[in-house]
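Contents: one structure, followed by commentary.
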Amino acid sequence: MKKKSTTVKKILSRIGFIIIIIALWELVYLLGVEVLGLWKSYTIPSPQGVWERCVDMFSFDYTGMSIYAAVAASLLRAFIGFAISVVIGAVLGFLISKFKYLQENLKPIILGIQTLPSVCWVPFAILWFGLDQSAVIFVIIVGSAFSIAMAVDNGIQNVDPLYIRAAKTMGVSQSQLYFKVIIPAAQPMLIAGLKSGWSFAWRALMAAEMMISMIGLGQILDAARSIESDINKVTLIMLIIIVIGTIIDRVIFTNWENAVRRRYGLDRDRK
Amino acid sequence: MSLHIEGITKKFDKNSDTNILEDINLDIESGEFICLLGPSGCGKSTLLNIIAGLVDADSGKITLDGEEITKPGSDRIMMFQESALFPWLTVEKNVRFGMKIAGLSKEEQDKRLEKYLKMVQLYKFRDYNIHELSGGMKQRVALARALCLDCKILLMDEPFAALDKQTINVLREELINIWQQTKKTIILVTHSVEEALFFSNRIVMIGSHPGKVKDIIKIDIPRPRHIESVEFINIRKKLLEALKEEVDKIEKEEHDS
Ligand SMILES: Nc1ncnc2c1ncn2[C@@H]1O[C@H](COP(=O)(O)OP(=O)(O)OP(=O)(O)O)[C@@H](O)[C@H]1O
Ligand SMILES: [Mg+2]
């Protein structure tokens, strides 16, 4: 019971905080734009303007680019790209953990490539795939597969050798060792890897959609600035991108991670 | 079953001129309870790991019922100082793990699960996660997991070292009872003279630098044994002196170098 009331409290306090931020935002807008005239109204969004745009875009008789179609298109691309990244990352990470040669030579190169923001791959993507779906998906993959591969390698390397020895004395075969011991033992790290891989994928997707114009949130965002010069709409789309990214991160990955960590006795806030 | 250890020599550092283990010879008969006793760092765990097949010796060979040991196998189950239970599985699934690997039928698994978890008095806890158990309970689950597999030899590397005195006493009694019931052959590593005296048919003293069999002492004291009893006093004194000699030797080497 106590637990329930504290979560309610937490949620209320968070809602309160958001209300404070919006009120401050409104205040800054009123002061800066309307009272003092410091900024032009088309450079600063207002809470009211964003809300109006929101009601407008989500109504079914909206005539511009459909926000529903954009969200669906972006999500589909993100999932396809992420799924391929997971497969590539898993195979690559496994190979790197398994072969010392790759560990010593390929891993540093991947770590190097990873410092490159994925948007830098857009020129290559366009040259190789044209202004097409596959170009966007390519950018997602280079953005997230390497980070997943590194997490898989890390996860496998960090499995406690004691588990491996214990399993070996019980006579496991090589494949049983991987599927019944190493992968489950590495699970908390693997999930953390998927989670960061997802956030890389989502960011890469937005960058790619803005540059390779194609139905999607990134494209609406870019068009709202360059064609419509509508700062409220730009802000609205940014908020939508944040909300979707957060929901997937929280609802899927964080919950999953917490459930696993609890079962393994790894949760941080245990008293 | 009989275990035959012949001329086992091992060093980890190829450039070093002292071996970790040197020319270890030992024969172990079915149903014996053997303790390997020696100072820290003398190579007890290494020897146990070689018997388990987890570490290769440089020379010499070990045969189990005439067959040479080259790799780990479920005929020699090893128990470690820390429980080595899998935290992603419940108590029950941990105990089933080895039985599944061995390909036992579901009924057989159920039967043994109940038998051995009851033997270590943890049947009620079968749905617990590992992190919900105390250190002593974990070692008992590890013991049940080992007993479920019809291993010929149970290899135990200081299984109670991380526990408190009360728990150790309880577990020692349990282990002796289980050993008498199951008639398993047990090789247990310890650096406690009391523990060795409590358990052993024979104590194998291992000296250090290099690790050699220094002495094999037959313990004929009838069971149940009581650490406080008079029979223990003399032999305990002798063992402690021998152990101290080895510890002093290590200290002296440390001092001279
Ligand atoms: N994997 C390894 N690589 C290098 N040296 C090792 C390795 N394992 C053990 N050694 C060395 O071998 C020696 C014996 O180690 P071992 O673990 O067998 O000792 P022990 O008798 O079990 O000691 P303790 O009672 O402290 O557990 C030690 O000097 C140790 O440093
Ligand atoms: Mg040891």
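Helix A:183-211 versus the longest principal axis of chain A: what angle, 0 to 90°, nearest 10, using Cα atoms?
In chain A, helix A:183-211 runs at an angle near 30 degrees to the longest axis.
Going 7 Å from the Cα of B:GLU132 in the Cα-to-Cβ direction, what parts of the stretch A:242-269 have a backbone nitrogen less than 18 Å from that spot?
The answer is A:258-269, whose backbone nitrogens lie closer than 18 Å to the label point.
Can you list the chymotrypsin sites (Phe, Trp or Tyr not before Pro) in the stretch A:64-126 that are in a DSSP coil and have 14 or fewer other beta carbons within 10 angstrom? Walk me through the numbers on the way to the answer.
Working: sites: A:TYR68, A:PHE79, A:PHE82, A:PHE94, A:PHE99, A:TYR101, A:TRP121, A:PHE124; in loops: A:PHE99.
Passing both the DSSP loop test and the Cβ count: A:PHE99.
About its Cα centre, how strong a charge dipole does the stretch A:22-78 have in debye, to the nearest 20, once Lys and Arg get +1 and Asp and Glu get -1 at the Cβ? Don't skip to the end; give the middle numbers.
Numbers: 3 positive and 5 negative charges, 52 e Å.
Value, rounded to 20: 240 debye.
Hey, rough spin-label estimate for B:GLU228 and A:ILE113, points 7 angstrom out along Cα→Cβ, what's it come to in nanometres?
For the pair B:GLU228/A:ILE113, the computed spacing is 7.1 nm.
Calculate how steeply helix B:135-147 sits against the longest principal axis of the alpha-carbon atoms of chain B, using the helix alpha-carbon long axis, and give the answer as 0 to 90 degrees to the nearest 10.
Result, in degrees: 80.
List the aspartates and glutamates whose Cα lies under 13 Å from the Cα of B:LYS93, skipping any in the same chain that are fewer than 8 positions away.
Partners within reach: B:ASP110, B:GLU114, B:ASP127.
In debye, nearest 20, what is the charge dipole magnitude of chain A about its Cα centre with +1 on Lys and Arg Cβ and -1 on Asp and Glu Cβ, if you could check? Don't jump to the answer; show the numbers that get you there.
Values: 26 positive and 17 negative charges, 359 e Å.
Value, rounded to 20: 1720 debye.
Restricting to Cα pairs below 8 Å that are 6+ residues apart, what does the relative contact order work out to for the stretch B:120-257? Please round to a whole percent. Let's see the in-between values first.
Values: 97 pairs, mean separation 23.3, N = 138.
Normalised by residue count, the contact order of the stretch B:120-257 is 17 percent.
Which order do peptides B:58-65, B:163-170, A:210-217, B:41-48 fall in by mean Cβ count within 10 Å, highest first? Please report the intermediate quantities before stating the final value.
Values: B:58-65: 15.5, B:163-170: 13.8, A:210-217: 20.2, B:41-48: 23.0.
The peptides rank, most packed first, as B:41-48, A:210-217, B:58-65, B:163-170.
Counting only heavy atoms of protein chains, what accessible area per residue, in Å², does the stretch B:87-150 have with a probe of 1.4 Å? It would help to have the intermediate numbers written out before the result.
Values: 2820 Å² over 64 residues.
Normalised by residue count, the accessible surface of the stretch B:87-150 is 44 Å².
Just want the answer: with Cβ charges of +1 for Lys and Arg and -1 for Asp and Glu, which residue in A:LEU106, A:LEU194, A:ILE215 is farthest toward the dipole's positive end in the protein assembly as shown?
It is A:ILE215.
So what J values fall out for the stretch A:17-29 if you push phi through Karplus, 6.51 cos²θ - 1.76 cosθ + 1.60 with θ = phi - 60°, rounded to Hz, Gly and Pro as x?
5, 5, 4, 4, 4, 5, 4, 4, 4, 4, 4, 4, 4
Can you work out ³J(HN,Hα) from phi for every residue in the stretch B:223-234, in order, using Karplus 6.51 cos²θ - 1.76 cosθ + 1.60 and θ = phi - 60°, giving whole Hz and x for Gly and Pro?
Result, rounded to whole Hz: 9, x, 9, 10, 3, 7, 5, 4, 4, 6, 4, 5.
How far is helix B:106-119 tilted off the main Cα axis of chain B, in degrees rounded to 10, range 0 to 90?
Result, in degrees: 60.
Averaged over B:45-56, how many beta carbons belonging to a partner chain fall within 10 Å of each residue's beta carbon?
Counting other chains' Cβ atoms within 10 Å and averaging over B:45-56 gives 1.
Could you name the lysines in cross-link range of A:LYS233, using Cα to Cα under 22 Å and dropping any fewer than eight places away on the same chain?
A:LYS40
Mind checking which lysines have their Cα closer than 23 Å to the Cα of B:LYS244? Skip sequence neighbours fewer than 8 apart in that chain.
B:LYS44, B:LYS165, B:LYS212, B:LYS214, B:LYS218, B:LYS252
Please report the base-10 log of the normalised intensity I(q)/I(0) for the protein assembly as shown, using a Debye sum with one equal scatterer per alpha carbon and no solvent, at each q in 0.10 (1/Å).
Evaluating at q = 0.10 Å⁻¹ gives log10 I(q)/I(0) of -0.92.
GluC sites (Glu not before Pro), restricted to the stretch A:190-271: which are DSSP loop and have at most 14 other Cβ atoms within 10 Å? Working shown, then result.
Values: sites: A:GLU209, A:GLU228, A:GLU257; in loops: A:GLU228.
Those that pass, being in a loop and sparsely packed, are A:GLU228.
Over the whole of A:181-187, what's the average partner chain Cβ count within 10 Å per residue? Rounded to a whole number, please. Can you show the working numbers first?
Values: counts 3, 0, 1, 4, 3, 1, 2.
Mean inter-chain Cβ contacts per residue within 10 Å come to 2.
Percent of accessible area on chain B owned by carbon and sulfur, 1.4 Å probe? Kindly include the intermediate steps, with their values, before the conclusion.
On the way: 5790 of 12020 Å².
That share works out to 48 percent.
With +1 on each Lys and Arg Cβ and -1 on each Asp and Glu Cβ, how big is the dipole of chain B about its Cα centre, in debye rounded to the nearest 20? Working shown, then result.
Details: 37 positive and 42 negative charges, 206 e Å.
Roughly 980 debye, rounded to the nearest 20.
Could you provide, to the nearest whole Å², the per residue accessible area of the stretch A:14-162 with probe 1.4 Å?
Per-residue accessible area for the stretch A:14-162 comes out at 59 Å².
Please report Rg (one decimal) and Dmax (integer) in Å for the Cα set of chain A.
For chain A, the Cα-based Rg and Dmax read 23.1, 78 Å.
Of all accessible surface on the stretch A:40-146 at a 1.4 Å probe, what whole percent is carbon and sulfur? Kindly include the intermediate steps, with their values, before the conclusion.
Numbers: 4410 of 6070 Å².
Carbon and sulfur: 73 percent of the exposed surface of the stretch A:40-146.
How about the stretch B:164-257: which GluC sites (Glu not before Pro) there are in a DSSP loop, with at most 12 other Cβ atoms within 10 Å of their Cβ? Present the calculation step by step, with values, prior to reporting the outcome.
On the way: sites: B:GLU173, B:GLU174, B:GLU194, B:GLU195, B:GLU228, B:GLU231, B:GLU241, B:GLU245, B:GLU246, B:GLU251, B:GLU253, B:GLU254; in loops: B:GLU228.
For GluC sites (Glu not before Pro) across the stretch B:164-257 that sit outside H, G, I, E and B with at most 12 neighbouring Cβ atoms in 10 Å, the list reads B:GLU228.
With a 1.4 Å probe on protein heavy atoms only, work out how much accessible surface B and A bury together, total over both chains, in Å² to the nearest 100. Let's see the in-between values first.
Values: alone 12990 and 16500 Å², together 27530 Å².
Separately minus together, B and A give about 2000 Å² buried.
The values are calculated or read from the model by the stated rules, or taken from the named source; none is laboratory data. Since we're looking at a predicted model, the values are computed, not measured. Every residue, glycine among them, receives a Cβ derived from its backbone with ideal geometry; neighbour counts consider all protein chains shown. Side chains are part of the model used for accessible areas, which takes the heavy atoms of the whole protein and leaves out ligands, DNA and RNA. Shrake-Rupley method; radii C 1.70, N 1.55, O 1.52, S 1.80 Å.
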